[in-house]
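Chemist: Quick one: this structure, given as C-alpha cells, is what I'll be asking you about.
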Amino acid sequence: MNAAPIAFIDLKAQRDRIREQIDAAITGVVEHGAFILGPEVEEFEASLAEYTGARHVVTCANGTDALQLALMAKEIGPGDAVFVPSFTFVATAEAAVLVGATPVFVDVRPDSFNMDPVSLEAAIDAVAVTDLAPKAVIPVDLFGQPADYSAIKAVADRHGLTVVADAAQSLGGSLHNRRVGSLAELTTTSFFPAKPLGCYGDGGAVMTDDDGLADTLRSLRFHGKGSNKYDNVRIGMNSRLDTIQAAILTEKMVIFADELDARDRITRRYSEALADVAQVPVLMAGARSAWAQYTIRVRNRDHIADALRKKGVPVAIHYPRPLHTQAPYRAFPTPTSGVPVAERLAGEVLSLPMHPYLDETTQSRIVDALRNAIGGNP
Ligand SMILES: *Cc1c(COP(=O)(O)O)cnc(C)c1O
C-alpha cells in the first residue's frame, strides 16, 4: 500500500513549479523597497482586470475587507438590510455587520449550493414588515461556481438592490462566457493562500466597471484619502495589498489558466468515479467553476469523514453550521419559510482533496477509500 501523505491542498507542488519566478519576484520588491502600493500592485491590478474583463481592479488587504469596502462604497450602513446566504464562510455576513448593516439570511439551492432566488424574494418579503431598508444582496460563488446572477439580478432590480458578488472562491470561473469579476456591479475576491488564486499571506480585491466606485474604493482602502494622503475626504480603512503579495500573484497568474484546466480534469475524474455512490457537484448550464473545493453530498457524512481520515485521506466540512444558527448571527432575520436547505446541506457535505497537482494515482487512492467507506467495507 502506498502510504505517502495526501495533501488536501498542495501548495508545495505549485511552489516547486515556479520556485525561481517567485523567489525573483520577492527579491525584486525587497530590493526596490516600495512595500506599500509599489509598482507591482498596479501591474497585478491591470493583469487581473484584463483577465476578468472588469474595468477596474482595486486590491486590498483580504477578501473580508473587500466585502466591507464594497458595502462602504455604496454607503450601506445602519438600518440597511444586506441579503446573504446562510450556507457560506462567515465573512460574507460579517462584512454586513461590520458596516453597521443587518445581514438577512437566504437559503441556497440543493444542487449548486448557491443562493436561491426564490428564497431571496421571501427574505425581502420578511424585511418589508420591518424598519430595515433593503439595500444589497451578496450572492456567493460557493466552491467556485458562479451564483445564478441573471435570476438574482432580476430580483435585485425589482427591489432596487445592489449586487455584490462574493467571488472569494470563484476567481477563474465564468457564466455564459463572462468571467467572474464582470458578473455584478461589484465583485470581491480573496487571495488567501488556499483560494484558487492565492498569495503567500492575506490579500483581496474589489472589481467594478464603474469609474466613480473605483475612485471611491481607492480612497476607502487608504484612510479615505482625497488628492493626497493628508487630505481625508471620508472615513476609510487601512487595507492594501502588500507589494510582495502582488508580485507573487503576477507570477501565479502566468500558470493560472493551466491550473484551472487541471482542476476541470480532476473534477471530471472524481465525478465519473463517484457519481453512483454520492451526490457529485452539479454545474448550472453555461457555468464554469474554479473548483476551489470538490464537495459531494453523502448520507452518514460524519462516519464517512472519520473513515477517510483514518485511511490518511484529509477531508473537510464546508460548512458544518449554517450562519443563522451561530450565536453572533442568531438574532438576524431569515425568511418565514426558514432556510431548510442550508440546514440539510450542513449535515451532508464533504470536501475531498482538490488542487491542480493531484495526480491520478493519489486520486484513485482517495476514490477507493471513499467507495469503501460508503460501502462499509474495511
Ligand atoms: C475566504 C472567503 C472570504 C474571506 O476572504 P479572506 O481573504 O480570508 O478575508 C469571504 N467569502 C468567502 C465565501 C470565502 O470563502
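Chemist: When the helix-only estimate is applied to the chain (DSSP H runs of n ≥ 4, each -39,500 (n - 2.57), divided by the residue count), what is the mean residue ellipticity at 222 nm, nearest 500 deg cm²/dmol?
Modeler: On the way: 12 runs with 152 residues, N = 378.
So the calculated ellipticity at 222 nm is -12500 deg cm²/dmol.
Chemist: I want to verify a result. In a Gaussian network model of the chain, Cα cutoff 10 Å, which of these has the top mean-square fluctuation: Val349, Val277, Val90?
Modeler: Val277
Chemist: Between the alpha-carbon centers of the range 204-235 and the range 81-125, tell me the distance in whole angstrom.
Modeler: Taking the Cα centre of the range 81-125 as reference, the centre of the range 204-235 is 26 Å away.
Chemist: Are there trypsin sites (Lys or Arg not before Pro) in the range 304-378 that DSSP puts in a loop and that have at most 14 other Cβ atoms within 10 Å, and which ones?
Modeler: On the way: sites: Arg309, Lys310, Lys311, Arg330, Arg344, Arg365, Arg371; in loops: Lys311, Arg330.
Passing both the DSSP loop test and the Cβ count: Arg330.
Chemist: Take the alpha-carbon positions of the range 1-140, form their convex hull, and give its projected area averaged over all directions (one quarter of the hull surface) in nm².
Modeler: On the way: hull surface 52.7 nm².
Over all viewing directions, the range 1-140 projects a mean Cα-hull area of 13.2 nm².
Chemist: Hey, any idea what Rg/Rh is for the range 97-236, computing Rh the Kirkwood way over Cα pairs? Don't skip to the answer; put the middle values down first.
Modeler: Numbers: Rg = 16.4 Å, Rh = 16.4 Å.
Rg/Rh for the range 97-236 comes to 1.00.
Chemist: Below 25 Å Cα-Cα, how many Lys pairs turn up in the chain? Only count pairs eight or more apart in sequence, or on different chains, if you could.
Modeler: Value for the chain: 10.
Chemist: Determine the gain in length on full extension of the stretch Ser227-Asp111; use 0.36 nm per residue of separation and subtract their C-alpha separation, reporting nm with one decimal. All intermediate terms of the calculation are to be shown ahead of the outcome.
Modeler: Details: separation 116, 0.36 × 116 = 41.76 nm, distance 4.83 nm.
Computed gain between Ser227 and Asp111 is 36.9 nm.
Chemist: Amide H neighbours of Arg288 under 5 Å, counting only residues 5+ apart in sequence or on other chains, H built in-plane at 1.01 Å?
Modeler: Excluding prolines and chain starts, which carry no amide H, the hits are Ser174, Leu175, His176.
Chemist: Using DSSP, restrict attention to beta bridges with both residues in the chain and report what percent are antiparallel, rounded to the nearest 5.
Modeler: Antiparallel: roughly 60 percent of the beta bridges in the chain.
Chemist: While we're here: Using a 10 angstrom cutoff on alpha carbons, build the Gaussian network for the chain and name the most mobile of Ser190, Ser150, Ser170.
Modeler: Of Ser190, Ser150, Ser170, the most mobile in the Gaussian network model is Ser150.
Chemist: Still on this structure: Using DSSP to call loops (not H, G, I, E or B), can you name the GluC sites (Glu not before Pro) in the range 64-163 whose Cβ has at most 13 other Cβ atoms within 10 angstrom? Don't skip to the end; give the middle numbers.
Modeler: Numbers: sites: Glu75, Glu94, Glu121; in loops: Glu75.
Answer in residue order: Glu75.
Chemist: Have a look at Ser239, Tyr270, Gly347 and report the one farthest towards the positive end of the charge dipole of the chain, computed about the Cα centre with Cβ charges (Lys/Arg +1, Asp/Glu -1).
Modeler: Farthest towards the positive pole: Gly347.
Chemist: Size of the dipole of the range 212-343 about the Cα centre, Lys and Arg at +1 and Asp and Glu at -1 on the beta carbon, nothing else charged, in debye to 20? Provide the component values of the computation, followed by the final result.
Modeler: Working: 20 positive and 13 negative charges, 65 e Å.
The dipole of the range 212-343 has a size of about 320 debye.
Chemist: Based solely on C-alpha atoms, express the radius of gyration and the Dmax of the chain in angstrom.
Modeler: Rg then Dmax for the chain, in Å: 20.8, 68.
Chemist: Between Val254 and Val90, what length in nm is gained on full extension when 0.36 nm per residue of separation is reduced by their alpha carbon distance?
Modeler: Working: separation 164, 0.36 × 164 = 59.04 nm, distance 3.07 nm.
Going from the current span to full extension adds 56.0 nm.
Chemist: Using the Kirkwood formula on the Cα atoms of the range 178-262, what hydrodynamic radius do you get, in angstrom to one decimal? Walk me through the intermediate numbers first.
Modeler: On the way: mean 1/r = 0.0696 Å⁻¹.
With all distinct Cα pairs of the range 178-262 included, I get 14.4 Å.
Chemist: Taking the Cα centre of the chain as the origin, how large is its charge dipole in debye, to the nearest 20, when only Lys and Arg (+1) and Asp and Glu (-1) carry charge on their Cβ atoms?
Modeler: Details: 36 positive and 46 negative charges, 183 e Å.
My answer is approximately 880 debye.
Chemist: Find the Rg to Rh ratio for the range 238-378, where Rh is the Kirkwood radius over alpha-carbon pairs and Rg uses the same atoms.
Modeler: Details: Rg = 18.1 Å, Rh = 17.5 Å.
Rg/Rh: 1.04.
Chemist: Additional query: Filter the DSSP H helices in the chain by two things, a Kyte-Doolittle mean of at least -1.0 and an axial alpha-carbon span of 18 angstrom or more, and list the hits by number.
Modeler: On the way: long enough: 19-32 (20 Å, -0.13); 39-52 (20 Å, -0.54); 243-274 (42 Å, -0.10); 360-375 (22 Å, -0.31).
For the chain, where a helix must reach 18 Å along its axis and average at least -1.0, the hits are 19-32, 39-52, 243-274, 360-375.
No value in this document is a laboratory result; all are computed from the given coordinates. Predicted model only: the values in this text are computed from it and were never measured. For neighbour counting, all protein chains shown are included, and Cβ atoms are generated from backbone atoms with ideal geometry for every residue, glycine included.
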